[in-house]
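Undergrad: One structure is given below, represented as structure tokens, and several questions about it will come after.
Please treat every number below as a calculation from the coordinates, not as lab data. Because the structure is a prediction, the values reported are computed rather than measured. Virtual Cβ from ideal backbone geometry, glycine too; neighbours counted across all protein chains shown.
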């Protein structure tokens, strides 16, 4: 199992709207690609929220090929859409993990 993790720091004034948008629009679009089996949303707790609230969204793929298809075929348009909607009110970084056990 491959986990594609997107960690995002969200400006406090848009945090509720951003989270609702993720649940209602963005995550369903990502899952609709058929390249991930499921997801989970996590709120990072042990960090300062002075500059924003941090979330991690994890998408689960059955293998690395599904992840690569997503990154090459789907991610650019979805990332552009996200940037156009939220601009510099969010900052994201991505990581890739493999479930070992």
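Undergrad: I need the shape label for segment 1-64. Rule: rounded when a/c is under 1.5, else prolate if a/b > b/c, else oblate, with a, b, c from the alpha carbon gyration tensor.
TA: Taking the square roots of the gyration eigenvalues as a ≥ b ≥ c, segment 1-64 is oblate.
Undergrad: Output the relative contact order of segment 25-81, whole-number percent, from Cα pairs under 8 angstrom with separation of 6+ residues.
TA: 36
Undergrad: Multiply the residue gap between residue 50 and residue 73 by 0.36 nm, knock off their C-alpha separation, and tell me the result in nm, one decimal place.
TA: Additional length available on full extension: 4.7 nm.
Undergrad: Right, here's the next one. Could you work out how far helix 75-86 tilts from the main Cα principal axis of the chain, as a 0 to 90 degree angle to the nearest 10?
TA: 10
Undergrad: So how do 51-63, 69-81 stack up, highest first, on mean other-Cβ count within 10 Å?
TA: So the order, starting with the most tightly packed, is 51-63, 69-81.
Undergrad: Determine the shape class of segment 33-101: with a ≥ b ≥ c the square roots of the Cα gyration tensor eigenvalues, call it rounded for a/c under 1.5, and otherwise prolate if a/b is greater than b/c, oblate otherwise.
TA: oblate
Undergrad: Which whole-number percent is the relative contact order of the chain (Cα, under 8 Å, 6+ apart)?
TA: 50
Undergrad: Still on this structure, please answer the following. Simple spin-label model, 7 Å along Cα-to-Cβ: residue 83 to residue 60 in nm?
TA: Result for the modelled spin labels: 3.1 nm.
Undergrad: Right, another one. So what is the calculated 222 nm ellipticity per residue for the chain, using -39500 (n - 2.57) for each DSSP H run with n of 4 or more, over all residues, to the nearest 500 deg cm²/dmol?
TA: -8000 deg cm²/dmol
Undergrad: Please arrange 1, 22 by counting, for each residue, the other beta carbons lying within 10 Å of its beta carbon, fewest first.
TA: Fewest to most other Cβ atoms nearby, the residues stand as 1, 22.
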